[in-house]
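The values are calculated or read from the model by the stated rules, or taken from the named source; none is laboratory data. These numbers were taken from a predicted model, which means no experiment stands behind them. Every residue, glycine among them, receives a Cβ derived from its backbone with ideal geometry; neighbour counts consider all protein chains shown. To get the accessible areas, we keep the full protein, side chains included, count just its heavy atoms, and leave off ligands, DNA and RNA. Shrake-Rupley method; radii C 1.70, N 1.55, O 1.52, S 1.80 Å.
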Amino acid sequence: MRHVISPQDLSVTEIERLLMLGDDIIARPEAYAESARHRKLATLFYEPSTRTRLSFEAAMLDLGGHVLGFSSQEASSAAKGESVADTIRMVQCYADLIAMRHPKEGAPVVAARHAKVPVINAGDGGHNHPTQTLTDLMTIHRELGSLEGLTIGFCGDLKFGRTVHSLIAAMRRYPGTRFILVSPTELRAPDYVLDGIRASGCVCEESRSMEAVMPDLDVLYMTRVQRERFFNEADYVRLKDSFILDVPKLLHARPGMIVMHPLPRVNEISVKVDDNPHARYFEQARYGKYIRMALILALLEQGKEGAIL
Amino acid sequence: MNIDSIHNGIVLDHIQAGRGIQIYQALHLDELDCVVALIKNVKSAKMGRKDLIKVDEMIGLDLAALGFIDPNITINLIIDGQVAQKKPLNLPRELVNVMKCKNPRCITTIEQEVEQIFRLTQEDPPLYRCAYCETAFRN
């Protein structure tokens with residue numbers, strides 16, 4: 001049984017085939033409108049989410065399937081003290097596929113151990129978020145035409161930002177990737193992320209200035225400084241405005257450079273950037289539904305002849 | 001000092017000096033009823049000083065835990081007063097319930113039935129990471 005817990009659970013070839021399936025779904029949505037008929041997706045969201053949960057649900061509905069689940073810990077038996085393992089043992093009786101978000105890191109690993117249906121990690125604390133990574137890869141693939149030989153700048157909260165950790169882990173597998181990490185000292189990427197880049201042989205540079213690195217970038221990936229990842233409020237207030245993207249900073253960007261953001265945006269990207277030709281973060285959210293449709297299909301069809309997984 | 005030879009049992013040799021007590025505790029040797037000798041700071045041509053543990057009974061050993069604490073230990077199995085087998089240790093690929101993850105955000109801090117699993121992600125210097133949250137284990 002294949003699960004998708006970390007971006008590394010999918011090979012480069014499997015990702016390429018998922019992207020191609022995503023392309024085909026975008027081109028011919030009607031051909032997939034009944035692909036998951038009579039199948040059910042359980043969305044187990046132990047912490048709040050708008051985009052990820054809605055895009056999973058929209059993806060399943062657009063495939064002709066059904067959705068059930070909960071959208072907060074309080075609305076589930078976890079509030080009564082039920083373990084993740086027991087919740088999964090129960091939910092798998094009702095659903096063909098599980099998408100799970102949990103505030104604790106590694107919770108989907110526990111879920112996958114006990115599940116007889118595929119589990120998708122929809123975000124575990126500050127750790128991994130593989131479907132956001134697939135969304136990001138889909139965006140780069142659609143907008144730049146290739147995932148190889150790119151210079152990607154990550155800016156903001158690189159310590160707790162799980163989307164950053166997952167995308168770095170995915171992009172370090174493509175030849176010629178150059179990483180430029182821009183963050184305040186307090187929010188530097190964790191050692192294991194930096195170790196992973198070094199071990200892959202990719203180039204990694206760190207900077208404290210967005211302007212200085214802007215001319216080098218093919219992709220600028222902005223992140224939110226998340227209040228819920230901090231143990232104390234004072235640290236959050238001091239660091240949240242550290243790195244803000246505005247239109248003047250983009251004047252130094254290459255013509256084809258794209259600005260991405262996993263959303264929700266707070267104030268790290270000025271709203272005046274939204275209409276700028278570099279901005280792609282709302283398209284990115286749109287691609288998220290299509291690549292999740294591709295992933296759901298691949299997991300439901302796994303093991304069959306010609307299947308992606 | 002005179003320590004009797006053992007007839008059937010195990011000798012853990014080449015323990016880094018000072019680590020003997022850690023091994024003694026990790027293997028729960030205090031719970032055994034047979035003769036157990038922990039000898040500290042024995043002169044060694046190879047190591048200068050070393051610790052040594054003799055157990056006067058054939059017992060099952062947690063080789064993974066032992067390899068994690070000190071992969072340079074040699075295990076001698078003694079049968080009828082002779083060294084019947086010498087077992088070198090390797091760094092275990094996986095450790096189960098040997099240590100706990102210290103990341104307060106890890107699922108292992110709240111999920112009661114979950115085993116504590118660490119995997120070797122780097123050999124030199126050895127580095128183990130939690131199988132759930134990937135946090136590195138540091139002593």
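Please state which one of A:98, A:88 is in a helix (DSSP H, G or I), touching a residue at least 24 places away in the same chain (Cβ under 8 Å) and touching a helix residue (DSSP H, G or I) at 6+ places or on another chain (Cβ under 8 Å).
On the way: A:98 fails: in a helix (DSSP H, G or I).
Sole residue among the options that is in a helix (DSSP H, G or I), touching a residue at least 24 places away in the same chain (Cβ under 8 Å) and touching a helix residue (DSSP H, G or I) at 6+ places or on another chain (Cβ under 8 Å): A:88.
Any chance region A:292-305 includes a residue that's in a helix (DSSP H, G or I), in contact (Cβ under 8 Å) with a residue 12 or more places away in the chain and open to solvent by 40 Å² or more (accessible area, probe 1.4 Å)? Spell out the reasoning first.
Of all residues in region A:292-305, those in a helix (DSSP H, G or I) come to A:292-300.
If we keep only those that are in contact (Cβ under 8 Å) with a residue 12 or more places away in the chain as well, we get A:292-300.
Subset that is open to solvent by 40 Å² or more (accessible area, probe 1.4 Å): none.
No, region A:292-305 contains no residue that is in a helix (DSSP H, G or I), in contact (Cβ under 8 Å) with a residue 12 or more places away in the chain and open to solvent by 40 Å² or more (accessible area, probe 1.4 Å).
Tell me which residues, restricted to region A:118-145, are open to solvent by 10 Å² or more (accessible area, probe 1.4 Å) and of a type in the set (A, V, I, L, M, F, W, C).
A:144 - this is the single residue of region A:118-145 that is open to solvent by 10 Å² or more (accessible area, probe 1.4 Å) and of a type in the set (A, V, I, L, M, F, W, C).
Is there a residue in region A:73-91 that is under 24 Å from the mean Cα position of the chain (by Cα) and within 17 Å of residue A:9 (Cα to Cα)?
Among the residues of region A:73-91, not one is under 24 Å from the mean Cα position of the chain (by Cα) and within 17 Å of residue A:9 (Cα to Cα), which makes the answer no.
Counting only residues that are of a type in the set (A, V, I, L, M), assigned to a strand (DSSP E or B) and either within 20 Å of the chain's Cα centre (by Cα) or within 11 Å of chain A (Cβ to nearest Cβ) (or both), how many does region B:84-139 have? Can you show your working first?
Taking region B:84-139 first, the residues of a type in the set (A, V, I, L, M) are B:84, B:89, B:91, B:95-96, B:98-99, B:107, B:110, B:114, B:117, B:120, B:127, B:131, B:136.
Now restrict to residues that are assigned to a strand (DSSP E or B): B:84, B:95-96, B:117, B:120, B:127, B:136.
Filter once more, keeping what is either within 20 Å of the chain's Cα centre (by Cα) or within 11 Å of chain A (Cβ to nearest Cβ) (or both): B:95-96, B:117, B:120, B:127, B:136.
Qualifying residue count, region B:84-139: 6.
When you go through A:82, A:143 one by one, which is the residue that is within 14 Å of another protein chain (Cβ to nearest Cβ) and of a type in the set (D, E, K, R)? Talk me through it step by step, then tell me what you get.
Details: A:143 fails: within 14 Å of another protein chain (Cβ to nearest Cβ).
Just one listed residue meets the conditions, A:82.
Any chance you could count how many residues in region A:183-199 are buried (at least 17 other Cβ atoms within 10 Å of the Cβ) and of a type in the set (S, T, N, Q)?
The total comes to 1.
List the strands (runs of 3 or more DSSP E) that sit entirely inside region A:173-244 and contain at least 1 residues that are among the hydroxyl-bearing types (Ser, Thr, Tyr). Let's see the steps before the verdict.
On the way: elements: A:178-182, A:203-207, A:219-222.
Filter on region A:173-244 gives A:203-207, A:219-222.
Return the residue satisfying two criteria in turn: it lies in region A:104-128 and is assigned to a loop (DSSP other than H, G, I, E, B) and not aliphatic (A, V, I, L, M), and of such residues it is nearest to the other protein chains (Cβ to nearest Cβ). Can you show your working first?
Keep residues of region A:104-128 that are assigned to a loop (DSSP other than H, G, I, E, B), which gives A:104, A:106, A:115-118, A:125-127.
Within this subset, residues satisfying the condition of being not aliphatic (A, V, I, L, M) are A:104, A:106, A:116, A:118, A:125-127.
Working: A:104: 4, A:106: 2, A:116: 17, A:118: 19, A:125: 5, A:126: 7, A:127: 6 Å.
So the residue we want is A:106.
So residue A:140 ticks every box in (1) under 30 Å from residue A:88 (Cβ atoms); (2) modelled with pLDDT of 95 or more but one. Which box is left unticked?
For residue A:140, the exception is condition (1).
Looking at (1) at pLDDT below 90; (2) within 14 Å of another protein chain (Cβ to nearest Cβ); (3) outside any loop (DSSP other than H, G, I, E, B), which is the only condition residue A:160 fails?
Status for residue A:160: all satisfied but (3).
Please work out if residue A:53 is part of a helix (DSSP H, G or I), in contact (Cβ under 8 Å) with a residue 24 or more places away in the chain, open to solvent by 50 Å² or more (accessible area, probe 1.4 Å) and in contact with a strand residue (DSSP E or B) (Cβ under 8 Å, 6 or more places away or on another chain).
Values: part of a helix (DSSP H, G or I): yes; in contact (Cβ under 8 Å) with a residue 24 or more places away in the chain: yes; open to solvent by 50 Å² or more (accessible area, probe 1.4 Å): yes; in contact with a strand residue (DSSP E or B) (Cβ under 8 Å, 6 or more places away or on another chain): yes.
In short, yes.
Considering region B:31-74 alone, what residues qualify as being in contact with a Pro (Cβ under 8 Å, 6 or more places away or on another chain) and of a type in the set (Val, Ile, Thr)?
Correct list: B:74 only.
Can you name the residue in region A:1-28 that is under 19 Å from residue A:144 (Cα atoms) and without any contact (Cβ under 8 Å) to a residue 40 or more places away in the chain and, of all such residues, is least open to solvent (accessible area, probe 1.4 Å)?
Across region A:1-28, the extreme among qualifying residues is A:24.
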